[in-house]
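Colleague: Input: one structure, supplied below.
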Amino acid sequence: VTDYGQDFPDWHNLSQYQADGNWDARHRFSFMAVYRLPSLSHSPALVRRVAGGWELAPTGILQSGHPFTVYTTASFQPITNSDGTVIGLMPGSGDFNADGYNYDFPNMPSQSFTGSHSRQDYLRGLFAAADFPVPALGQEGNEKRSLFTGPGFANFNLGVIKNNQIGERLKLQVRFEFFNLFNRVNLRGVDSDLSSGTFGSSVATYSPRTTQLGLRLEF
């Protein structure tokens, strides 16, 4: 498995990249139900038409975040002396091993950023590029793949359904559907490219609350 459509930074050390898949969600709970409101068969005809035939269909997902890996897509920017000998890397340089491929891992950070985080932590930024040391010139970093975990996801949808009997053979179903009913802000993944201006932060969200109306004719 490769990362984000990219290759492995160092094919000579594949054990460094043995980790959880990009799609791994360690904890996930989902549910779906349909509740038909009590029958009004003994009520007057008008009451049955207006207040009868209703159903509620809630669905929900509670899920922990997906893993992600810090990397850089910056190009090789060496520091040279007067005779052109490369003696180091400029700040913000990438391609640490100088193989011409701008996808590299840094060294492990000096402090731990693993564990759970709040949504505010992801908005402010979990870490800075300076927290990840640059490896020695000509070497790939020792960071482990899928070391960090992105924001969790919680969503609740609700369908409100009205079944209307039309004659003996036709039924018109009216559906009121509410997605992300509680309008919860669900953050997308963390920008984990060291060369990005928004590195370490989540800068996008999934859809806010939306509604739709549907009609279904059964015969």
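Colleague: Cα centroids of the range 162-219 and the range 14-89: how far apart, whole angstrom?
Modeller: Answer, in whole Å: 13.
Colleague: What are the ³J(HN,Hα) values, in whole Hz, obtained from phi via the Karplus relation 6.51 cos²θ - 1.76 cosθ + 1.60 with θ = phi - 60°, for each residue of the range 69-74 in sequence order, with x given for Gly and Pro?
Modeller: Whole-Hz 3J(HN,Hα) from phi for the range 69-74: 10, 7, 8, 9, 10, 5.
Colleague: Hey, any idea what the orientation-averaged projected area of the convex hull of the range 1-160's Cα atoms comes to, in nm²?
Modeller: Orientation-averaged projected area of the Cα hull: 14.3 nm².
Colleague: At a Förster distance of 22 Å, what's the computed FRET efficiency of residue 213 paired with residue 29, Cβ-Cβ distance as r, to 0.05?
Modeller: Step by step, r from the Cβ atoms, then E = 0.15.
Colleague: A follow-up question, please. Give the ranking of 117, 12 by solvent-accessible surface, highest area first, calculated with a 1.4 Å probe.
Modeller: 12, 117
Colleague: A further question on this structure: Could you please report the charge total around residue 65, scoring K, R as +1 and D, E as -1 over all other residues with beta-carbon less than 15 angstrom from its beta-carbon?
Modeller: +1
Colleague: Taking H placed 1.01 Å from N in the peptide plane, check which residues at least 5 places from residue 152 or on another chain put their amide H under 5 Å from its amide H.
Modeller: The answer is 65.
The values are calculated or read from the model by the stated rules, or taken from the named source; none is laboratory data. Since the model is a prediction, treat every value here as computed from it, not as a measurement. Cβ sites come from the backbone with ideal geometry, for glycine too, and all protein chains shown count toward neighbours. For the accessible areas, the whole protein counts, side chains as well, though only heavy atoms, and no ligand, DNA or RNA atoms are used. Shrake-Rupley method; radii C 1.70, N 1.55, O 1.52, S 1.80 Å.
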